[in-house]
Amino acid sequence: MRIVVAMSGGVDSSVAAGLLHEAGHEVIGVSMQLYDNSQGFGSCCTIDDLHDARKVAAHLGFPHYIVNFESHFHRHVQANFLEEYAAGRTPIPCAHCNSEVKFRELLGRAEAFGAARLATGHYARVSEDADGRRHLWRGRDAAKDQSYFLFSLTQAQLAQAHFPIGELAKDDVRREATRLGLAVAMKPDSQEICFVPDGDYARFLEREQPALATTGAIVNAAGERLGAHGGVHRFTVGQRKGLGLSAGVPLYVVAIDAGRQEVTVGPREALDRATLAASQVNWVSGAPPEDWTRATVQIRHRHTAAAARVRALDDDRAEVEFDTPQSAITPGQAAVFYDRDEVLGGGWID
């Protein structure tokens with residue numbers, strides 16, 4: 001089978017490509033150039049990473065291409081990043097990159113290559129039932145699971161998606177890389193947003209959109225002014241550090257009003273919420289449930305999914321009621337619905 005493998009230059013996608021090649025598939029490696037590397041962006045998806053991907057392909061003996069997706073990446077990921085922070089929300093660029101770039105634009109390129117599948121190095125799994133319906137599952141390695149970032153995948157996309165390392169643990173992936181003789185076997189994982197240098201997202205935002213650095217008030221729940229800030233983009237719900245306030249109890253950001261340039265803070269217990277509303281909801285099966293359904297709901301990548309009930313609403317929306325209140329439900333993050341390890345769907349928290 002001819003399979004295009006999205007190669008970032010890291011160990012995960014390199015092993016995915018290596019295993020498929022070893023299994024006898026006709027592998028075509030494709031790397032995405034997402035931004036102008038001369039701008040001094042982060043340590044992920046750099047020109048060095050593209051070179052690493054090419055070296056892996058040359059070592060294993062399959063073709064490798066670099067495709068320029070700068071305009072797509074800017075439009076769907078970076079622009080969204082700016083707009084969300086300007087609106088007082090906290091975006092997830094990796095999720096937008098997966099849905100709008102990898103599994104839309106790159107999938108189209110895979111079809112142009114005549115490939116039946118697009119494989120990536122995600123820690124996730126896909127299965128097909130007797131009726132031909134695809135199911136999306138958490139990766140076998142719970143510590144590395146990336147299904148949270150893939151909730152927007154449709155049945156058509158899942159039919160062409162392939163996750164070769166979804167059954168493996170990270171240590172197993174590195175062992176496979178060593179066995180295959182890959183130079184990236186011990187390459188460290190990237191832990192930052194790829195286009196933000198040094199993880200300083202506030203500086204990046206201000207450079208791209210100087211008007212964001214607008215001062216405003218920090219207030220308590222009663223609306224009393226406690227201090228000032230240099231822009232709502234510097235805050236996210238649940239944040240404690242960097243408030244510049246002196247109080248008798250620890251204070252946390254509990255709400256952000258971008259229209260008023262106002263940040264509301266309060267004690268730890270003020271972060272607890274039992275409900276949320278989500279928009280742009282995707283149901284992986286293609287059909288939303290007709291009534292309330294039980295699920296566990298994950299509201300951040302590192303959040304332990306909590307028991308809840310979920311109901312689909314009109315206009316691709318949904319509401320969630322948790323069994324117990326959850327802390328720091330943050331607008332702009334994803335709420336992903338699970339049945340044990342299966343992804344039912346998800347949407348963006350409003």
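The values are calculated or read from the model by the stated rules, or taken from the named source; none is laboratory data. The shown structure was predicted, so the numbers you read here are calculated from the model rather than taken from an experiment. In this analysis, Cβ positions are derived from the backbone assuming ideal geometry, glycine residues included, and neighbour counts consider all displayed protein chains.
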Checklist entry - So which residues in region 198-236 are acidic (Asp, Glu) and either touching a Gly at 6+ places or on another chain (Cβ under 9 Å) or within 24 Å of residue 79 (Cβ to Cβ) (or both), if there are any at all? => result 198, 200, 206, 208
Item to check | Where a residue in region 79-93 is among the acidic types (Asp, Glu) and its partner, wherever it lies, is modelled with pLDDT under 95 and in a loop (DSSP other than H, G, I, E, B), with Cβ under 6 Å and at least six apart | outcome: 84/91
Next on the checklist: When you scan region 203-212, do you find a residue that is of a type in the set (Phe, Trp, Tyr), surrounded by 15 or more Cβ atoms within 10 Å (Cβ to Cβ) and modelled with pLDDT under 95, even just one?
Outcome noted: yes
Checklist entry - Restricting the search to region 227-256, which residues are exposed (fewer than 13 other Cβ atoms within 10 Å of the Cβ) and closer than 19 Å to residue 91 by Cβ? => result 242
Checklist entry - Just a yes or no: is a residue in region 113-123 surrounded by fewer than 21 Cβ atoms within 10 Å (Cβ to Cβ), in the same structural domain as residue 34 (by TED's automatic domain parsing) and under 20 Å from residue 14 (Cβ atoms)? => result yes
Checklist entry - If you take the residues in region 64-99 that are closer than 21 Å to residue 16 by Cβ and under 13 Å from the mean Cα position of the chain (by Cα), which one is surrounded by the fewest Cβ atoms within 10 Å (Cβ to Cβ)? => result 94
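Kindly check whether there is at least one residue in region 279-287 that is assigned to a strand (DSSP E or B), loosely packed, with under 13 Cβ neighbours inside 10 Å and free of Cβ contacts under 8 Å to residues at least 60 places away in the same chain.
For region 279-287, residues assigned to a strand (DSSP E or B), loosely packed, with under 13 Cβ neighbours inside 10 Å and free of Cβ contacts under 8 Å to residues at least 60 places away in the same chain: absent.
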Next on the checklist: Against the condition part of a loop (DSSP other than H, G, I, E, B) and surrounded by fewer than 19 Cβ atoms within 10 Å (Cβ to Cβ), how does residue 259 come out, does it pass?
Outcome noted: yes
Item to check | Residues (surrounded by fewer than 19 Cβ atoms within 10 Å (Cβ to Cβ) and more than 22 Å from the chain's Cα centre (by Cα)) located in region 308-344 | outcome: 309, 311, 313, 314, 315, 321, 323, 324, 325
Next on the checklist: So, residue 100, is that one without any contact (Cβ under 8 Å) to a residue 24 or more places away in the chain, in a helix (DSSP H, G or I) and either closer than 23 Å to residue 282 by Cα or assigned by TED's automatic domain parsing to the domain that holds residue 278 (or both) or not?
Outcome noted: no
Next on the checklist: I need the full set of residues from region 16-28 which are under 19 Å from residue 109 (Cβ atoms) and crowded, with 24+ Cβ neighbours inside 10 Å, in order please.
Outcome noted: 16, 17, 27
Next on the checklist: So, in region 75-127, how many residues would count as being small (Gly, Ala, Ser) and under 30 Å from residue 329 (Cα atoms)?
Outcome noted: 8
Next on the checklist: Quick check on this structure: which one of 88, 114, 121 is outside any helix (DSSP H, G or I) and in contact with an Asp or Glu (Cβ under 6 Å, 6 or more places away or on another chain)?
Outcome noted: 121
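I'd like the full set of residues that are of a type in the set (A, V, I, L, M) and closer than 22 Å to residue 145 by Cα, limited to region 288-318. Write out each step before concluding.
From region 288-318, those of a type in the set (A, V, I, L, M) are 295, 297, 299, 305-308, 310, 312-313, 318; that's our starting set.
Answer for region 288-318, where residues must be of a type in the set (A, V, I, L, M) and closer than 22 Å to residue 145 by Cα: 295, 297, 299, 305, 306, 307, 308.
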Checklist outcome for this item: For helices (runs of 4 or more DSSP H) lying entirely in region 125-243, having 1 or more residues that are hydroxyl-bearing (Ser, Thr, Tyr) and closer than 28 Å to residue 57 by Cβ picks out 170-179
Checklist outcome for this item: Filtering region 269-278 down to residues that are in a helix (DSSP H, G or I) and in contact (Cβ under 8 Å) with a residue 40 or more places away in the chain yields 270, 271
